[in-house]
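The values are calculated or read from the model by the stated rules, or taken from the named source; none is laboratory data. Since the structure is predicted, the reported quantities are computational estimates derived from the model, not experimental observations. Cβ: placed from backbone, ideal geometry, glycine included. Neighbour counts: every protein chain shown.
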Amino acid sequence: MTTSEIFDRTGLDRVCAFVNGKGGVLKTTLTANLGGLLAVAGWRVLLVDFDPQGNLGLDLGYRHQAEDDDGLGMAQSLMFGAPLNPLKGVRPNLDVVPGGAHLDQAAAGLVSLAGKDSRKAKLALASALAPVATQYDIIFIDCPPGNEPLQLAALGAASQIIVPTKTDRGGREGLLGVAKRLDSVIDVNPGIDLLGVIIAATSSSAKSVQRTVREAIIEAFGTADVLFENMVRHAESPAQAVRERGVLVHELEEQVNSGPKWYEVLRGTAKAGPSQPRSAGNVAEDLHNVAQELVTRLEAAEKRNAS
């Protein structure tokens with residue numbers, strides 16, 4: 001009997017890993033913001049920061065705060081089987097397992113473990129998540145771009161993978177690398193599937209570039225079904241603002257909409273607040289659309305698996 005046959009995946013049927021072999025393709029942004037939107041919609045969400053950089057904490061505003069353990073809890077769960085204790089209520093309905101530098105040590109530990117029991121190493125994250133998974137409607141994993149032992153553990157835990165990619169060739173190369181890495185976890189996670197590819201950080205005017213990227217991805221996978229119809233536009237100003245303030249894009253949009261109008265300031269009936277990026281609404285709309293499509297794709301995948 002193999003490890004995959006005896007491992008109980010109860011509660012792990014809605015674990016989605018955001019992964020690409022290249023950095024800077026908005027994995028963390030999508031993990032945080034899509035998770036935040038689903039939480040607002042009433043889903044019980046767990047976000048797992050599986051990256052030694054720990055940047056998910058910047059997007060959610062807890063990085064370097066007292067509750068940020070820099071990935072220590074996650075590392076101890078991976079290496080020693082310690083119970084996982086997520087940060088509760090980072091947002092209503094949204095809990096987080098912080099990442100950070102301690103995950104580098106965990107990765108080294110997984111390499112050592114893989115030399116003795118490769119299946120156990122690949123299932124390390126699945127084993128850590130299993131005891132808490134039933135508390136949540138969905139779990140998102142923010143994967144590091146180039147850390148193979150952590151990526152394999154993330155894929156060993158995931159039921160679905162989501163691959164963000166930019167329009168440049170590097171992003172597409174990283175995407176294809178993920179497809180190859182999937183072969184390495186089929187022995188422990190035969191049900192893992194590709195939920196889709198999201199084109200991110202693109203310009204709404206770059207139609208020819210988007211078309212070229214879409215054609216290349218379709219050619220690589222042999223079908224257009226892998227591509228999310230919705231994309232996420234790039235806007236430098238809101239991207240900087242959300243990281244600096246530790247807010248999500250839809251929260252920034254609410255700040256923009258609730259702020260004083262220029263004519264109110266001119267009349268003296270309101271005081272000028274901090275400068276707000278007006279393009280936040282465009283990015284927020286994109287993320288709303290992607291979130292809706294993600295849920296639709298997830299429900300369709302579940303129906304296929306049930307039939």
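Structural remarks
- Residue in segment 208-217 that is among the basic types (Lys, Arg), touching a helix residue (DSSP H, G or I) at 6+ places or on another chain (Cβ under 9 Å) and either within 14 Å of LYS22 (Cβ to Cβ) or modelled with pLDDT of 90 or more (or both) present: no
- Within segment 98-111, the set of residues being assigned to a loop (DSSP other than H, G, I, E, B) and not aliphatic (A, V, I, L, M) comprises PRO98, GLY99, GLY100.
- A residue that is touching a Pro at 6+ places or on another chain (Cβ under 6 Å) and in a helix (DSSP H, G or I) cannot be found anywhere in segment 131-138.
- Test result for ASN189, outside any helix (DSSP H, G or I) and in contact with an Asp or Glu (Cβ under 8 Å, 6 or more places away or on another chain): no
- From the options GLN65, GLN76, GLN53, residue that is without any contact (Cβ under 8 Å) to a residue 60 or more places away in the chain, part of a loop (DSSP other than H, G, I, E, B) and either farther than 26 Å from ALA301 by Cα or of a type in the set (Ser, Thr, Tyr) (or both): GLN65
- Restricting attention to segment 88-106 and to residues that are buried (at least 20 other Cβ atoms within 10 Å of the Cβ) and among the aliphatic types (A, V, I, L, M), the residue that is farthest from LEU56 (Cα to Cα) turns out to be ALA106.
- Some residue of segment 17-37 being surrounded by fewer than 24 Cβ atoms within 10 Å (Cβ to Cβ) and free of Cβ contacts under 8 Å to residues at least 60 places away in the same chain: no
- No other residue among ALA114, ALA128, ALA121 is more than 15 Å from the chain's Cα centre (by Cα), within 25 Å of TRP43 (Cβ to Cβ) and part of a helix (DSSP H, G or I) apart from ALA128.
- Close Cβ contacts (under 7 Å, 6 or more residues apart or on different chains) running from residues in segment 84-108 that are in contact (Cβ under 8 Å) with a residue 24 or more places away in the chain to residues that are among the hydroxyl-bearing types (Ser, Thr, Tyr) and in a loop (DSSP other than H, G, I, E, B) comprise LEU87/TYR62; VAL90/TYR62.
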